[in-house]
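Data block below; observations after.
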Amino acid sequence: MADAPPADRPSADRPSADRLPAGTRIGRVALRVADLEEAVAFYRDVVGLAVLDRDGDEALLGVGGAAGDENAGPDATPLLVLHRDPDRPERAPTDAGLFHTAFRVPSRAALGAALGRVRDRWRLDGASDHLVSEALYLEDPEGNGVELYRDRPREEWSTAADGTVRMATEPLDLAGVAAAAGGPGDTGDAAPADRAPPGTDVGHVHLEVTSLSAFEAVYVEGIGFAVGTTGPGVRFVAAGGYHHHLGANTWRGRTTPASGRGLAWFEVVVPDAAALDAVRARAEAVASDGDVQVAVDERADGIAVADADDIEVRVRTPEPTVTRRSSGASPR
């Protein structure tokens, strides 16, 4: 990941009028699944999310639920929408789509508790120290990638000469992470070991795309992220100096747009209406240029942008209250 962005491209911590403001974050992620019961069980029992709401073919999961499932507390935070769509074909090996959804926990103790759940109830596919974070990797029952991670304090991050955050992939101290959880039920946070604690969110989303240049056209020039760490076949982009809110790679040689089960859409949440208006203007300019295929549609709570791989990103402002029902998992 040694390649740096060109000098004329704003880096992730270099403010610019045509870039997303600090405070931008990832919101909900929506997945289409064949077996809703199995998917709910995985994200509840392994990832540690609470079932906040359920209605027919759809389930809403997040953190801050009450003691029982399907009973959201007043501070519940929706993170994941699961939509049963058994008639949609399985994702093809050539299809673009999701590499992983990255759930960020607020402490090393919480990551240790997550490691315990994975070891007890599932299987760990990988673990890495990225300098800025410590991460666990696994797949859900339908092959959707999942990352569970915690950030190191930002003051411990180092930066390259161009201002981008330094990242790497090194072996993770699994013993140290496991020890951080303490005794049974002790995560170091106000939550039992079988639930992700308050403060857990979707820290970033990593996509598999057919073209990195098309990805940059939509998510950098259009949405307004700044390019951070780059490398062979991979780009990381962010707002507000974060290490990355989005990743994109071409490692598996995907060549066709997303069409099967898996990622339906994900959200980028901007701080205010002015930021949303700026995203709308930039995205519409990219669409009108015609260099990449982009569609921009209005939604009641913001806009939906379909990128060149038919991946949908929904951009909105923060909601004043908890949304119990999702807005649907169909892409358009």
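The values are calculated or read from the model by the stated rules, or taken from the named source; none is laboratory data. Quick caveat, the model's predicted, so the values are computed rather than measured. Cβ placement follows ideal geometry from the backbone for every residue including glycine, while neighbour counts extend to all protein chains displayed. Ligands, DNA and RNA are excluded from the accessible area calculation, which covers all protein heavy atoms including side chains. Shrake-Rupley method; radii C 1.70, N 1.55, O 1.52, S 1.80 Å.
So, Asp125, is that one closer than 17 Å to Ala179 by Cβ and free of Cβ contacts under 8 Å to residues at least 24 places away in the same chain or not? No, not satisfied. The residues on offer are Arg88, Arg32, Arg44, and the sole one that is in a loop (DSSP other than H, G, I, E, B) and at pLDDT 95 or above is Arg88.
So that you can scan it fast, the table gives a plain yes or no per residue for (1) open to solvent by 10 Å² or more (accessible area, probe 1.4 Å); (2) farther than 27 Å from Val105 by Cα; (3) in contact (Cβ under 8 Å) with a residue 60 or more places away in the chain:
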position: Pro197; (1), (2), (3): no, no, yes
position: Asp201; (1), (2), (3): yes, no, yes
position: Val205; (1), (2), (3): no, no, yes
position: Ser211; (1), (2), (3): yes, yes, yes
position: Val218; (1), (2), (3): no, yes, yes
position: Thr230; (1), (2), (3): no, no, yes
position: Arg235; (1), (2), (3): yes, no, no
position: His245; (1), (2), (3): yes, no, yes
position: Gly260; (1), (2), (3): no, yes, yes
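Considering only residues that are assigned to a strand (DSSP E or B), at pLDDT 95 or above and open to solvent by 30 Å² or more (accessible area, probe 1.4 Å), which ones fall in the range 135-171? Matches in the range 135-171: Tyr137, Glu139, Arg150, Asp151, Glu170, Pro171.
Can you confirm whether Arg254 is in contact (Cβ under 8 Å) with a residue 12 or more places away in the chain, under 15 Å from Asp95 (Cβ atoms), of a type in the set (Lys, Arg) and open to solvent by 20 Å² or more (accessible area, probe 1.4 Å)? Taking the combined requirement at face value, the residue satisfies it.
Of the residues that sit in the range 300-311 and are of a type outside the set (Gly, Ala, Ser) and within 19 Å of Ala285 (Cβ to Cβ), which one is farthest from the chain's Cα centre (by Cα)? Applying the filter and picking the extreme gives Ile303.
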